[in-house]
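K.L.:
Have a look at this one.
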């Protein structure tokens, strides 16, 4: 087999492959056998029809086509391996010659990863936020926990802002009853604006048994954004009563005896969270600093696929949240053009980041051990609430292991960059990333690297003090070609499998 490579662009090549016809013999034999099973010729059982009769009744051309289709994937794979190119996506294949008994030739155009070297990354410096926890943040977190233990008391008066009103909603859209948008006995927090535009104004001032009709756009659900006529009837009015901030509250909401102990625990966990955020920011900014030193061409098709993946992911998230894209753009205060530009920029950065980390892994001769794969799968399974063996089986059956290997390799490559970067906080203090990781590992008995990569958030849990922490801010996603593939696989496994008992005491989400 002879293979020539023509560079069409720095990110696309054309392979011209010539194959001696003799190499197609196993594929021809297979084609005859399969066709023999399908044809019915008098005097011959299925599978026993001789090749000359198949050529006569079916045609030699059909056999050749079957053999070529069977041979192409293996021949293309051999050509890629021999030329040592890193292909991206599926090739555009064209058979250029099929001389029966002499030669077979084809061409394959395919996108490739651009050829480049990652420059020296020693001396890079990045700045992250100070790991500071204020008294206001502690009190806000304790206040959020206090909200969870609020009680509702019936009030014999008209509805006021901030009340919880139990209401019935009768909705008409275009003059027709919309039962799927209507509700009975709905507990609605007045002022939250979560049902329909104008509901807050309509219900305020009504007493139990009174009703009002208004027109406004629905906020959520299948009819989000649609104009509707809504009749609201108040069943009851309730006020929210917060527990006193004292030792009794601490005992009610946590394992601690005093409010001071609860506050101290909240501060400790907030401090851990902001230090995790520092690690995450250090990784993100280290990669950004490295990417700034490198200028490489990007395949248009790969970028377009990444843009499509991101838009599809957003659509799914908005659908689950009962929001439209218009609502999202309004909340973000962006035009559709600005949104598209931002997505395209993020997609290009992700693809570039993936290329750079892949190349760095090659240059530094990084590999992935079975233990590292196992650790990754266990971490993902814990975050998704499925059994590790169940997730591993799903990944294997759905051919997701290559994506996992790529994810782990890129993480190791980024770790290497971070080790050579000087990290300082805004106050000018140098941060020993490895020391912070060791310290956090010692506190939890588990690896925090995944936390730093994914910037997982920690939220307050009213059930126990060990889960009492502020909601964390989500960090920018690590820039790479297909960063979400393993996470999406884990989500799919979680949907298909019964949930396993969560063993993560920190209460992290995927």
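The values are calculated or read from the model by the stated rules, or taken from the named source; none is laboratory data. The structure presented is a predicted model; accordingly, all values stated were derived computationally and were not measured. A quick note on method: Cβ atoms are made from the backbone with ideal geometry, for glycine too, and the neighbour counts reach across all protein chains shown.
K.L.:
Looking at residue 270, is it on the phi < 0 side of the Ramachandran plot, surrounded by 19 or more Cβ atoms within 10 Å (Cβ to Cβ), out of contact with any strand residue (DSSP E or B) (no Cβ under 8 Å at 6 or more places or on another chain) and not in a helix (DSSP H, G or I)? First the steps, then the outcome.
P.N.:
Values: on the phi < 0 side of the Ramachandran plot: yes; surrounded by 19 or more Cβ atoms within 10 Å (Cβ to Cβ): yes; out of contact with any strand residue (DSSP E or B) (no Cβ under 8 Å at 6 or more places or on another chain): yes; not in a helix (DSSP H, G or I): no.
So residue 270 does not fit the description; no.
K.L.:
Listed residues 361, 346; which is closer than 28 Å to residue 436 by Cβ and under 16 Å from the mean Cα position of the chain (by Cα)? Explain how you work it out, then say what you get.
P.N.:
Details: 361 fails: under 16 Å from the mean Cα position of the chain (by Cα).
After ruling out the rest, the residue left standing is 346.
K.L.:
On to the next question. If we only count helices (runs of 4 or more DSSP H) wholly inside region 273-370, which ones have 2 or more residues that are in contact (Cβ under 8 Å) with a residue 40 or more places away in the chain and crowded, with 19+ Cβ neighbours inside 10 Å?
P.N.:
Working: elements: 300-321, 325-332, 336-363.
Counting at least 2 such residues, we get 300-321, 336-363.
K.L.:
Scan (1) without any contact (Cβ under 8 Å) to a residue 24 or more places away in the chain; (2) closer than 30 Å to residue 306 by Cα; (3) crowded, with 17+ Cβ neighbours inside 10 Å for the single condition residue 15 breaks and write down its number.
P.N.:
(1)
K.L.:
State whether the residues of region 394-414 include one that is part of a loop (DSSP other than H, G, I, E, B), more than 30 Å from residue 194 (Cβ to Cβ), in the same structural domain as residue 301 (by TED's automatic domain parsing) and touching a residue at least 60 places away in the same chain (Cβ under 8 Å). Steps first, please.
P.N.:
Of the residues in region 394-414, the ones part of a loop (DSSP other than H, G, I, E, B) are 398-400.
Keeping just the survivors that are more than 30 Å from residue 194 (Cβ to Cβ) gives 398-400.
If we keep only those that are in the same structural domain as residue 301 (by TED's automatic domain parsing) too, we end up with 398-400.
Imposing the further condition that a residue be touching a residue at least 60 places away in the same chain (Cβ under 8 Å) reduces the set to 398, 400.
Yes, region 394-414 contains at least one residue that is part of a loop (DSSP other than H, G, I, E, B), more than 30 Å from residue 194 (Cβ to Cβ), in the same structural domain as residue 301 (by TED's automatic domain parsing) and touching a residue at least 60 places away in the same chain (Cβ under 8 Å).
K.L.:
Being in contact (Cβ under 8 Å) with a residue 24 or more places away in the chain and within 30 Å of residue 274 (Cα to Cα): is that true of residue 122 here?
P.N.:
Values: in contact (Cβ under 8 Å) with a residue 24 or more places away in the chain: yes; within 30 Å of residue 274 (Cα to Cα): yes.
The answer is yes for residue 122.
K.L.:
Of the residues 377, 418, which single one is part of a helix (DSSP H, G or I), more than 17 Å from the chain's Cα centre (by Cα) and buried (at least 19 other Cβ atoms within 10 Å of the Cβ)?
P.N.:
Details: 377 fails: more than 17 Å from the chain's Cα centre (by Cα).
One residue alone meets the criteria, 418.
K.L.:
Let me ask something else. Could you tell me how many of the residues in region 71-117 are part of a strand (DSSP E or B) and under 30 Å from residue 363 (Cβ atoms)? Write out each step before concluding.
P.N.:
Going residue by residue through region 71-117, those that are part of a strand (DSSP E or B) are 87-99, 103-112.
Keeping just the survivors that are under 30 Å from residue 363 (Cβ atoms) gives 87-91, 108-112.
Total satisfying the criteria: 10.
K.L.:
When the residues of region 98-112 are filtered to those that are surrounded by fewer than 20 Cβ atoms within 10 Å (Cβ to Cβ) and in contact (Cβ under 8 Å) with a residue 60 or more places away in the chain, which remaining residue is nearest to the chain's Cα centre (by Cα)?
P.N.:
Taking region 98-112 first, the residues surrounded by fewer than 20 Cβ atoms within 10 Å (Cβ to Cβ) are 98-103, 105, 107, 109.
Subset that is in contact (Cβ under 8 Å) with a residue 60 or more places away in the chain: 99-103, 105, 107, 109.
Numbers: 99: 49, 100: 50, 101: 51, 102: 50, 103: 47, 105: 41, 107: 36, 109: 30 Å.
Top of the filtered list is 109.
K.L.:
Which of the residues spanning region 128-157 are over 20 Å from residue 253 (Cβ atoms) and within 31 Å of the chain's Cα centre (by Cα)?
P.N.:
If the condition is that a residue be over 20 Å from residue 253 (Cβ atoms) and within 31 Å of the chain's Cα centre (by Cα), then 128, 129, 130, 131, 132 are the ones that fit.
K.L.:
List the number of the failed condition for residue 263; all other conditions in (1) buried (at least 16 other Cβ atoms within 10 Å of the Cβ); (2) more than 30 Å from residue 133 (Cα to Cα) hold.
P.N.:
(2)
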